[in-house]
Amino acid sequence: MPTPSVTALPIRRLTPRDLTACADLSEDRGWPREEHKWRLLLTAGQGYGVDDPGGGLVAACVVTEYGPGERPDLGAIGMVLVAERHARQGIGRRLMRHVLSVMGTTPLTLYATPYGRPLYEELGFKTTGRSEMLAGRFTPGGPDPRVATRAATAEDLSAVLRLDAEVFGTDRTPLVTRLPAFSDQLRVAVDGGRIVGYAAAWPNMDTHVVGPLIARDTETAKSLITSLAAHSDRRLRTDVDVRHEELLAWAKERGLASVAMNAVMTYGITELPGDWTRRFAPLTVAAG
């Protein structure tokens, strides 16, 4: 019996049991395995994949939905991967078309590398912004942070959720409530007893990724990054909206170097909801 073409193989929903296969797929494409991140995405979001008859996955991606469960306000697509041995056969396009069909009229967003951007443009996504990835060993310096920060407590969660929904433009409770367990650090910025920003640092291979980073202003964002770095012995990595020019310049002065640029793309909306002036960095580009 002939082996079916991979382009005809069924697309199925992934579960946390597919964690190892997803990490193997990342490694196949030269990415880090990132099992910690995959575990979060496969529990907080919904994965889609194509099984390889020879074992493992041909392709995979994850969609994280925000807003009411029965009618999401936004879906973030990430970790779109096709195994090297099956590349350039249209499988990624087919997987993305499947996601578009499943999501219906729900507005979508994703971060696109220069390599992936042509496919997304072909599918109708529009570039609405850019993000710059920074990484390096943070070096303290300059004046002391102007905004007080501290470790978040359980009592802060409701205030953090309100701030996050206000800034992001929709409710992200299923994701944000996982941050205390997912992150090595979760800190809040406080002014006059009021939480005016928050940020997490979570482990990813040999780095701490700073994200999400939500802050009242640039000084608050600087204070949060400085406090996270002070409690980390790893290199930092983060993805900053390029409109935050002052924060980018400051971070580079502190030892973080530019690694890559990604296009922020949307489908079904002309721009992301919420307040970009207070949204400095995502949890991960894979979850918007």
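Throughout, read-outs are computed from the coordinates displayed, never taken from laboratory work. Predicted, not measured: the structure shown is a model, and the values here were computed from it. Quick reminder, even Gly has a Cβ in these numbers, built from the backbone with ideal geometry, and neighbours come from all protein chains shown.
Springs between alpha-carbon pairs under 10 angstrom, Gaussian network model over the chain: which of Ser258, Ser158, Ser131 fluctuates most? Looking only at Ser258, Ser158, Ser131, the largest GNM fluctuation is found for Ser158. Of the residues Val102, Leu186, Ala159, the one whose Cα sits farthest toward the positive end of the charge dipole of region 79-232, with +1 on the Cβ of Lys and Arg and -1 on the Cβ of Asp and Glu, is Val102.
Can you show me the helix-derived [θ] at 222 nm for the chain, built from DSSP H runs with n ≥ 4 at -39,500 (n - 2.57) apiece and divided by the number of residues, rounded to the nearest 500. Write out the running numbers ahead of the final one.
Numbers: 9 runs with 81 residues, N = 288.
That comes out to -8000 deg cm²/dmol.
Just to verify a number: FRET efficiency for Arg85 and Ala148, C-beta to C-beta distance, R0 = 35 Å, to 0.05?
On the way: r = 53 Å, r/R0 = 1.51.
Efficiency, from the Cβ-Cβ distance: 0.10.
Just to verify a number: FRET efficiency for Glu166 and Arg29, C-beta to C-beta distance, R0 = 51 Å, to 0.05? Calculated transfer efficiency: 0.90. Note on region 122-136 and region 1-75: Cα centroid distance 21 Å, given to the nearest whole angstrom.
Size of the dipole of the chain about the Cα centre, Lys and Arg at +1 and Asp and Glu at -1 on the beta carbon, nothing else charged, in debye to 20? Walk me through the numbers before you get to the answer.
On the way: 34 positive and 34 negative charges, 57 e Å.
Dipole about the Cα centre, nearest 20: 280 debye.
What's the angle, to the nearest 10 degrees (0 to 90), between helix 19-28's Cα axis and the longest principal axis of the chain? Long axis of 19-28 versus the principal axis of the chain: about 90 degrees. Between the helical axis of 157-168 and the dominant principal axis of the chain, each derived from Cα atoms, what acute angle in degrees is found, rounded to the nearest 10? It is inclined by approximately 70 degrees.
How much net charge surrounds Val82 when only other residues with a Cβ under 12 Å from its Cβ are counted (Lys, Arg +1; Asp, Glu -1)? Provide the component values of the computation, followed by the final result.
Values: positive: Arg29, Arg85, Arg88, Arg93, Arg94; negative: Asp28, Asp52, Glu84.
Counting the neighbours of Val82, the net charge comes to +2.
Determine the sum of side-chain charges near Val190: Lys and Arg each +1, Asp and Glu each -1, restricted to other residues whose C-beta is under 13 angstrom from that of Val190.
Numbers: positive: Arg146, Arg150, Arg187, Arg194, Arg216; negative: Glu155, Asp156, Asp191.
So the surrounding residues net to +2.
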